[in-house]
2 protein chains.
Amino acid sequence: MIPPPSLIQRTQVEHLVRRALYERLGRPVPRGALAPNPLVVNVSARHCHLTVQAVEALFGKGRTLTPMKWLYQKGQYAAQESVTLIGPRSRVISNLRILGPCRDINQVELALTDAIALGFDIPVRLSGSIAGTPGCMLMGPNGFLEMKEGVIRASPHVHMCPEDAAFYGVKKGDFMKLRIGGQCATTFDRLLVRVDPDFRLEVHIDTDEGNACALQSDTPAELLK
Amino acid sequence: MIPPPSLIQRTQVEHLVRRALYERLGRPVPRGALAPNPLVVNVSARHCHLTVQAVEALFGKGRTLTPMKWLYQKGQYAAQESVTLIGPRSRVISNLRILGPCRDINQVELALTDAIALGFDIPVRLSGSIAGTPGCMLMGPNGFLEMKEGVIRASPHVHMCPEDAAFYGVKKGDFMKLRIGGQCATTFDRLLVRVDPDFRLEVHIDTDEGNACALQSDTPAELLK
């Protein structure tokens, strides 16, 4: 259940090399390169989080999630298992990926483009804040699960540890800006800050946001207060 | 072939009323309210532009486009006619709207989300600048049309007349910023400026960009140099 060490080290090594290069070349070091941790921006495609009970209802008694791909946040993974999402007009999205481990609520996170295609009118919410949001049906190989609520568009957010928060001068619940460079340069002006000692510095934006700014792995990105 | 006058007058009237209200209330008038014309931001869903010959190939000899809905730019319309777009992996998008009147090139404009779903690798281009871009097949009731090139993601852009350009201090080919407010506040940092005496002040963004910033008709928008 541990992510491969190469994945963890790569961004850290790049971060250290970048800083050393600036110093070696005698050029002013950009603020981001002085930060305690490298900034990673990842696009979250539509996905869901499920409870242990929901996994059993959809996949069968005693069934659990199987990690397929480790994510950047410690212990988080994309599961091998996926479900079919049935929207309000009986339109479906197949292969909706489940992210593990299981949580204490069921939640579906869609981009607005997904939601419009399915006929959902979804609000922008902090993950976990699902009161009053639309519900949906999920279908798995073992049966259906009716979610009374929990379909949201996740607020774009940044995960950070207290050391990162101190460096950027922000605290949990604040908003900051994410400036993305390149040909489709875009600044996301309301990036929600989430702070936890276990968090690695990582921005999560959805596919609409990622495609609007044409984010690639080498696209410049900067956090601004 | 003339747009209904009520559509033209509405934004102009709102613009004048807004300015008068600020003055009446003795409050400082925001820069946008002092502009010669109101700012309109519209989302362009995926669509295509076709030549007269392409319309005939797809719909039959002598067939022309029929206006269904007038757009904000003078003389431009969404046609009743639509085509099926066939992508590189034989995936299709049905009901791809044709915008009229006919042009001298064939061009398909997709959002990156559309392009990824179809398997296209498309560049960001100014409308009309299609050399070296991917091609596609279009299907209409009368037959197929093979486009050797012309599938693009349109660069987000603003149409303006010379008077607007003078007010904002920009010229054709410049980039400016579009700041969108609200819960998903976003600033598009590379908005291409297009100037023509016939243009009405209007920003065109695609569905990814529009959904990323959750644009609604009442979402605040501002042009910045």
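Some notes on this structure:
- Some residue of region B:53-68 being open to solvent by 50 Å² or more (accessible area, probe 1.4 Å), among the basic types (K, R) and over 22 Å from B:G143 (Cβ atoms): no
Each row is one residue, and each column tells you yes or no for (1) more than 12 Å from chain A (Cβ to nearest Cβ); (2) under 19 Å from B:H49 (Cβ atoms); (3) crowded, with 20+ Cβ neighbours inside 10 Å.
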site	(1), (2), (3)
B:P162	yes, no, no
B:F175	no, no, no
B:G181	no, no, no
B:C184	no, no, yes
B:V195	yes, no, no
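- Hits in region B:56-93 (condition: closer than 19 Å to B:L145 by Cβ and aromatic (F, W, Y)): B:F59
- Single unsatisfied condition, A:D114 versus (1) within 30 Å of A:S217 (Cβ to Cβ); (2) open to solvent by 50 Å² or more (accessible area, probe 1.4 Å): (2)
- Of all residues in region B:9-52, those that are open to solvent by less than 50 Å² (accessible area, probe 1.4 Å) and among the β-branched types (V, I, T) total 5.
- Those residues of region A:83-99 which are touching a Lys or Arg at 6+ places or on another chain (Cβ under 8 Å) and surrounded by fewer than 19 Cβ atoms within 10 Å (Cβ to Cβ), in sequence order: A:I93, A:R97
- Members of region A:127-157 that are in a loop (DSSP other than H, G, I, E, B) and either within 14 Å of chain B (Cβ to nearest Cβ) or of a type in the set (A, V, I, L, M, F, W, C) (or both): A:S129, A:I130, A:A131, A:S155, A:P156
- Residue selected from region B:164-173 under the condition of a type outside the set (F, W, Y) and surrounded by 17 or more Cβ atoms within 10 Å (Cβ to Cβ), by the criterion farthest from B:A35 (Cα to Cα): B:V170
- A search for C-beta distances below 7 Å between a residue of region A:205-225 that is at the interface with chain B (Cβ under 10 Å from one of its Cβ atoms) and any residue that is among the polar types (S, T, N, Q) and loosely packed, with under 15 Cβ neighbours inside 10 Å, counting only pairs 6+ apart in sequence or on different chains, returns A:A214/A:Q183.
- Residues being closer than 15 Å to A:P156 by Cβ and open to solvent by 30 Å² or more (accessible area, probe 1.4 Å) - total across region A:197-222: 5
- Residue that is surrounded by the most Cβ atoms within 10 Å (Cβ to Cβ), among those in region A:128-159 that are closer than 26 Å to A:R179 by Cα and in contact (Cβ under 8 Å) with a residue 40 or more places away in the chain: A:V158
- Residue within region B:198-210 that is out of contact with any strand residue (DSSP E or B) (no Cβ under 7 Å at 6 or more places or on another chain) and closer than 19 Å to B:A45 by Cα present: yes
- One residue from A:L215, A:L192, A:L201, A:L224 being in contact with a His (Cβ under 6 Å, 6 or more places away or on another chain) and at pLDDT 95 or above: A:L192
- Flag for B:D189 being within 14 Å of chain A (Cβ to nearest Cβ) and either in contact with a Leu (Cβ under 9 Å, 6 or more places away or on another chain) or closer than 30 Å to B:A33 by Cβ (or both): yes
- Restricted to helices (runs of 4 or more DSSP H) entirely inside region A:22-126, those with at least 2 residues that are in contact (Cβ under 8 Å) with a residue 12 or more places away in the chain and within 14 Å of another protein chain (Cβ to nearest Cβ) are A:112-118.
The values are calculated or read from the model by the stated rules, or taken from the named source; none is laboratory data. The shown structure was predicted, so the numbers you read here are calculated from the model rather than taken from an experiment. All Cβ positions, even for glycine, are placed from backbone atoms using ideal geometry, and neighbour counts span all protein chains on display. The protein model used for the area step is the full one, side chains on, heavy atoms only, and it has no ligands, DNA or RNA in it. Shrake-Rupley method; radii C 1.70, N 1.55, O 1.52, S 1.80 Å.
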